[in-house]
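The values are calculated or read from the model by the stated rules, or taken from the named source; none is laboratory data. It should be emphasised that the depicted structure is a prediction, and the values quoted were computed from it without experimental measurement. No Cβ is skipped: glycine too gets one built from the backbone with ideal geometry, and neighbour counts run over all protein chains shown. Keep in mind that these areas ignore ligands, DNA and RNA; they rest on the heavy atoms of the full protein, side chains included. Shrake-Rupley method; radii C 1.70, N 1.55, O 1.52, S 1.80 Å.
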Amino acid sequence: MKRLSQNVGGGASSLIGFTLAEVLIVLGIIGVVAALTMPSLISNYKKKVVETRLRQTYSIFNQAIKLSEIKNGESSTWILPTVSYGDSDKIKLFLSTYIVPYLSSYKDFNTNANYVRLYLNNGIYTYWAYNTGSFEVYVRFSKPKRTDGNAFLEGNGGVDYFVFYMRPYASDFVPFNHGYTIEYLTNSGSGNDCRDTGYVSVHASCAEFIMQNGWHIPKNYPLKF
């Protein structure tokens, strides 16, 4: 660092300047600090988005069920599709009758082979399939880039998408394995565990794990964002 002196009107003042080398050193330090902290900041931001959207998804569809029951009677009496993992037209008919009219808004509602996609205006992307009395719902918070029949599985379960069930017999919309203990959710051996293993890919129990923590991703969450 060098000191620059300048006399103005007989008075003396000193201006402190920096050499180019010193400026480059400071910029380098800033760059290193940014490189170390940015991944953590990005990860925390992604977690906050997931927490907020999971809570919103749960609220939006449970509210739609309650509103629909006022007009259509208890959901246990609603007419269901008859084929599991098939006949997406009947799934769409069910949704268009009992769910979609009771949503405040949506962006896209269409069929694709064995599931129906229902995109909400707030960036929640849902994919519905019928499975023996309930609807298996895959929930994403970013639109997949893939266009094939399994596009909703793009990425990693428990991070990029989550599994819910709409249960007409119980009048609710809840995460997969709702009500089970944390021990079961993370180590049931069923293939749906929320744990970091090569065997489990869908991590279907992760939304329930987060819900049981007050819709906050716990510090011991096994998957990385």
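Look at region 73-103 and say how many of its residues are in contact with a helix residue (DSSP H, G or I) (Cβ under 9 Å, 6 or more places away or on another chain), part of a helix (DSSP H, G or I), open to solvent by less than 50 Å² (accessible area, probe 1.4 Å) and β-branched (Val, Ile, Thr).
1
I'd like to know if region 193-209 contains one or more residues that are crowded, with 19+ Cβ neighbours inside 10 Å and polar (S, T, N, Q).
Among the residues of region 193-209, at least one is crowded, with 19+ Cβ neighbours inside 10 Å and polar (S, T, N, Q), which makes the answer yes.
Quick one: would you say Tyr106 is farther than 28 Å from Asn192 by Cα, touching a strand residue (DSSP E or B) at 6+ places or on another chain (Cβ under 9 Å) and either open to solvent by less than 10 Å² (accessible area, probe 1.4 Å) or assigned to a loop (DSSP other than H, G, I, E, B) (or both)? Full working, then the answer.
Values: farther than 28 Å from Asn192 by Cα: yes; touching a strand residue (DSSP E or B) at 6+ places or on another chain (Cβ under 9 Å): yes; either open to solvent by less than 10 Å² (accessible area, probe 1.4 Å) or assigned to a loop (DSSP other than H, G, I, E, B) (or both): yes.
Considered against the rule, which asks whether it is farther than 28 Å from Asn192 by Cα, touching a strand residue (DSSP E or B) at 6+ places or on another chain (Cβ under 9 Å) and either open to solvent by less than 10 Å² (accessible area, probe 1.4 Å) or assigned to a loop (DSSP other than H, G, I, E, B) (or both), Tyr106 comes out as yes.
So which of Ile65, Ile70 is part of a helix (DSSP H, G or I), open to solvent by 60 Å² or more (accessible area, probe 1.4 Å), closer than 30 Å to Ser134 by Cα and at pLDDT 90 or above? Give the derivation first.
Numbers: Ile65 fails: open to solvent by 60 Å² or more (accessible area, probe 1.4 Å).
Only one candidate qualifies: Ile70.
Taking the options Ile60, Ile25, name whichever one is of a type outside the set (Gly, Ala, Ser) and open to solvent by 100 Å² or more (accessible area, probe 1.4 Å). Full working, then the answer.
On the way: Ile60 fails: open to solvent by 100 Å² or more (accessible area, probe 1.4 Å).
Matching residue, one of Ile60, Ile25: Ile25.
Starting from region 93-112, take each residue that is farther than 22 Å from Ser142 by Cβ and hydroxyl-bearing (Ser, Thr, Tyr) and list its partners that are open to solvent by 50 Å² or more (accessible area, probe 1.4 Å) and in a loop (DSSP other than H, G, I, E, B), counting only C-beta distances under 9 angstrom and pairs at least six apart or across chains.
Short answer, once both residue conditions are applied: Thr97/Ile79; Tyr98/Ile79.
Does region 198-208 contain at least one residue that is over 17 Å from the mean Cα position of the chain (by Cα), under 24 Å from Pro144 (Cβ atoms) and not hydrophobic (A, V, I, L, M, F, W, C)? Don't jump to the end; show me each part of the working.
Looking only at region 198-208, we keep the residues that are over 17 Å from the mean Cα position of the chain (by Cα), and these are 198-200.
Okay, now just the ones that are also under 24 Å from Pro144 (Cβ atoms), so 198-200.
When the remaining residues are screened for being not hydrophobic (A, V, I, L, M, F, W, C), the result is 198-199.
The answer is yes; a qualifying residue exists.
Which one of these is over 17 Å from Gly155 (Cβ atoms) and of a type in the set (Gly, Ala, Ser): Ser201, Ser188? Working first, answer last.
Details: Ser201 fails: over 17 Å from Gly155 (Cβ atoms).
That would be Ser188, the only listed residue that is over 17 Å from Gly155 (Cβ atoms) and of a type in the set (Gly, Ala, Ser).
With the checklist (1) in contact with a Cys (Cβ under 6 Å, 6 or more places away or on another chain); (2) open to solvent by 40 Å² or more (accessible area, probe 1.4 Å); (3) of a type in the set (A, V, I, L, M) in hand, flag the one item Ile182 doesn't pass.
(1)
Go through region 114-179 and tell me which strands (runs of 3 or more DSSP E), entirely inside it, have 3 or more residues that are within 17 Å of the chain's Cα centre (by Cα) and closer than 22 Å to Lys224 by Cβ. Let's see the steps before the verdict.
Numbers: elements: 115-119, 125-131, 134-140, 161-167, 172-175.
Correct list: 134-140, 161-167.
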